[in-house]
Amino acid sequence: MDSLIQVINKLQDVSAVVNAKLFDLPQIVVVGSQSSGKSSVLESLVGKSFLPRGTGIVTRAPLIIQMVKYTNKDMKSMLDITNDENIKEWVRFSHIKNTVFHDFNDVKKEIENQTNALAGENKGITDKPIVLKVYTSSYTLTFVDLPGITKLKVGDQPADIEEQIQQLIVKYVQRPNAIILAVVTANTDPATSESLKIAKQWDPEGARTIAVVTKLDIIDKGTKSDIVDLLCGKIIPVKLGIIGVVNRSQIYINENKTLEETLKNETEFFRTNYPEICKMHGNKVLANTLQDILIKHIRKYIPTLNKNLQYTKTELESKLETLKKPDCEKTFVLELLSDINKSYCETVTGDRKDASDEMLMGGAKIVNVIQDNFTKKFMAVNPLYNLSDKQIENYLLNTSGIKKSSLVNHKALEIMVSKQLEYLIEPALSFVDVVREEMFNILDSIDQKLLNELQRFPELNNNVRSTLDNLLEMKLKNIKKSIKSHIKTHQKFLYTTNPNYILHLVNSSIECSSTFIDCKTTYFNNMKTGDIYSEINKMEKEIVSKMYRDILSSLGGPHDYKREINVQVKLHKQLTRCYFEFIRDTLRDFVPNRINHKLVNFVLKKFDKNLKAEVFMPFINNSSSGGMLAEKEGVAEKRNKKKKFLIAVNKALKSLEDVQKQ
Ligand SMILES: Nc1nc2c(ncn2[C@@H]2O[C@H](COP(=O)(O)OP(=O)(O)OP(=O)(O)O)[C@@H](O)[C@H]2O)c(=O)[nH]1
Ligand SMILES: [Mg+2]
């Protein structure tokens, strides 16, 4: 098994650096009739004498034997329990925690005890496996010993014992990575062999089955020529071969004959009894055949492993590239700052080549914020918020003094519009802060590679961030001031002959539409003669008086002072709302446009210059600014770890190359 052990160990190196689950090492499963010598065959392959063997039904539970090439961690865990440094090979069972077995006789006893515990003491069987790990310094491979096929029920066995055992066997042999050792005893008719029947059913191609003929030493002398035919594959064809073996007989077991002695006797046996074919049989040949099959099987995984290793290698190399220490610090800082500015601007303007398909970023996020945060809130402000009919009435009366109010009380309208527009100032100004924050956050969505590089140097990172912060802060006050002043202008000066306002008025009262259409015709006719303003003026008056008449007729009742005031209140309420909406419509575009123009564009224009002035210049001018390239805690460690990992990956690639050559 030497070259197999080498291959497996090399692949072990590989699986340690790539995903360990990437390939499944095959399991070697023995199948055969009861007492056919299954456990004996496994024992000789494993090279350890710890499997219960004997006459009658012995193996009564699936036994999963995991040979494990131990790591330092395994060794430490063993030493924590035993504190015995002389132990070089040991066994641990999955059903007993914190116990280490180093005497293989005790292992055998524990298997027997656990078999009794799981399957009872009276010949019953169980499908619950006993799992044991044999820690060795040589290799990792799994063997499965199974109960033998039996036809007749004995002891506590159920009536359907044959079916139950068959089901149990199928569970293990159906796995595509199972190598089936179909055990046939030489002293029974191989044509009726149950093990070969099962193997044929689950591996019809015969790609993973080896037939093993046991007990050659106890055949009837008269059947020898038939046996030669069987061993030469003339009786039953098995693609991967039929190998005869001679295991320890019960007498030898009782006499405690060693495995080495048994192997020697076996070689002698073949040489004496089957000299022509002796080189093709025996436990050693079985081990070699198995090894060849396993290597072939393992080789199938090599292309995938190779691909994964190459990928891991490229990834590591690129990560190391971003973690490498700069050759020339000045060039490094200058280039990094330029790249950061470029990526920042591209993120805002939507020019990134690696635009995300998962989330909004940069400029798109700002547009989204305009919709979600600004427009919705802004348009949700109630035009008549906090303005009761009584207040309107008071405004109307108090602005008229001793005079009777005219059709439209401009003084009252101005006060009310100004009061209502005040409610738009806060949402508009707070939106400036929102955009400012978004603009700052965009720094975190620039090219990830650049960001990682920047974050590697905490001081440089801080300096870049404060440059951006300062730039945004610089403009904030002015923008807010200009937006506020813009709204204030609208508060102070009413422009009631604006055609858009007229449109709002018309839309606010369906009844006005016909009047409007009439007016519009005159308006367009007069446009040609150039007397637009007087026409719009006339139009406003006509619409307002139409509204007045509508309200008046809708109210009904006697024409008295109270009714007159009511009509005035309703009319001015409508005028205030219409004017408010008209101004808000213009502000809805104005506010984001001003922010885009004065804040976003400003940053895009100045960021590069300011990075150079506030980060790069101090870096080259100040000898004590070396700290700017001081790495974040843990980066050096990370770099070393990655370097070591890369070495391991390269070693694994080399191992893979070796395996391919083998
Ligand atoms: N003479 C001789 N005896 C063998 C040979 N192989 C196995 N035996 C004996 O056959 C008996 C059964 O061997 P096991 O290895 O326990 O057989 P098994 O197939 O595992 O049996 P179960 O687990 O009970 O199904 C033991 O007494 C072995 O010593 C062989 O090649 N020659
Ligand atoms: Mg057995």
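The values are calculated or read from the model by the stated rules, or taken from the named source; none is laboratory data. Computed from a predicted model, the values in this text were never measured in an experiment. Here Cβ is always computed from backbone atoms with ideal geometry, including for glycine, and neighbour counts include all displayed protein chains.
Here are the numbers for the structure shown:
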{"item": "Residue in segment 227-243 that is farther than 13 Å from Val184 by Cβ and surrounded by 17 or more Cβ atoms within 10 Å (Cβ to Cβ) present", "result": "yes"}
{"item": "In segment 54-75, residue nearest to ligand 1 (Cβ to nearest atom) [restricted to those that are over 15 Å from Ile149 (Cα atoms) and among the charged types (D, E, K, R)]", "result": "Lys69"}
{"item": "The listed residue being at negative phi and within 13 Å of ligand 1 (Cβ to nearest atom), out of Asp217, Asp229", "result": "Asp217"}
{"item": "Test: residue in segment 219-226 that is outside any strand (DSSP E or B), of a type outside the set (A, V, I, L, M) and touching a strand residue (DSSP E or B) at 6+ places or on another chain (Cβ under 6 Å)", "result": "no"}
{"item": "Candidate set from segment 89-137 (those that are surrounded by 16 or more Cβ atoms within 10 Å (Cβ to Cβ) and among the polar types (S, T, N, Q)); member that is nearest to the chain's Cα centre (by Cα)", "result": "Thr136"}
{"item": "Criterion (at pLDDT below 90 and within 27 Å of Leu45 (Cβ to Cβ)) met by exactly one of Thr126, Thr71, Thr99, Thr115", "result": "Thr71"}
{"item": "Count - residues of segment 239-255 that are more than 56 Å from the chain's Cα centre (by Cα) and either of a type outside the set (D, E, K, R) or modelled with pLDDT of 90 or more (or both)", "result": "5"}
{"item": "Of residues in segment 244-261 being within 12 Å of ligand 1 (Cβ to nearest atom) and assigned to a helix (DSSP H, G or I), the one surrounded by the fewest Cβ atoms within 10 Å (Cβ to Cβ)", "result": "Ile251"}
{"item": "Single match in Ile536, Ile543 (criterion: over 20 Å from Ile415 (Cα atoms), modelled with pLDDT under 70 and crowded, with 17+ Cβ neighbours inside 10 Å)", "result": "Ile536"}
{"item": "Residue list for segment 147-161, filter: within 16 Å of ligand 2 (Cβ to nearest atom) and within 51 Å of the chain's Cα centre (by Cα)", "result": "Pro147, Gly148, Ile149, Thr150, Gln157, Ile161"}
{"item": "Residues satisfying the stated conditions in segment 44-74, i.e. more than 9 Å from ligand 2 (Cβ to nearest atom) and under 14 Å from Ile28 (Cα atoms)", "result": "Ser44, Leu45, Val46, Pro62, Ile64, Ile65, Gln66, Met67"}
{"item": "Selection count where residues are of a type in the set (D, E, K, R) and farther than 23 Å from Cys278 by Cα, scope segment 184-233", "result": "6"}
{"item": "Condition check for Ala182: small (Gly, Ala, Ser) and within 16 Å of ligand 2 (Cβ to nearest atom)", "result": "yes"}
{"item": "Qualifying residue in segment 278-293 (condition: within 28 Å of Leu629 (Cα to Cα) and touching a residue at least 12 places away in the same chain (Cβ under 8 Å))", "result": "no"}
{"item": "Search result, residues across segment 360-376 that are surrounded by fewer than 16 Cβ atoms within 10 Å (Cβ to Cβ) and in contact with a helix residue (DSSP H, G or I) (Cβ under 9 Å, 6 or more places away or on another chain)", "result": "Leu360, Val367"}
{"item": "Qualifying residues in segment 38-49 (those that are modelled with pLDDT under 90 and hydrophobic (A, V, I, L, M, F, W, C)) - the one farthest from the chain's Cα centre (by Cα)", "result": "Leu45"}
{"item": "Residue check, Ile366 within 30 Å of Tyr495 (Cβ to Cβ), assigned to a helix (DSSP H, G or I) and among the β-branched types (Val, Ile, Thr)", "result": "no"}
{"item": "Pick from segment 27-43, criterion in a helix (DSSP H, G or I) and in contact with a strand residue (DSSP E or B) (Cβ under 6 Å, 6 or more places away or on another chain), ranking: nearest to ligand 2 (Cβ to nearest atom)", "result": "Ser39"}
{"item": "In segment 27-38, the residues that are near ligand 1 (Cβ under 10 Å from one of its atoms) and surrounded by 24 or more Cβ atoms within 10 Å (Cβ to Cβ)", "result": "Val30, Val31, Gly32, Ser36, Gly37, Lys38"}
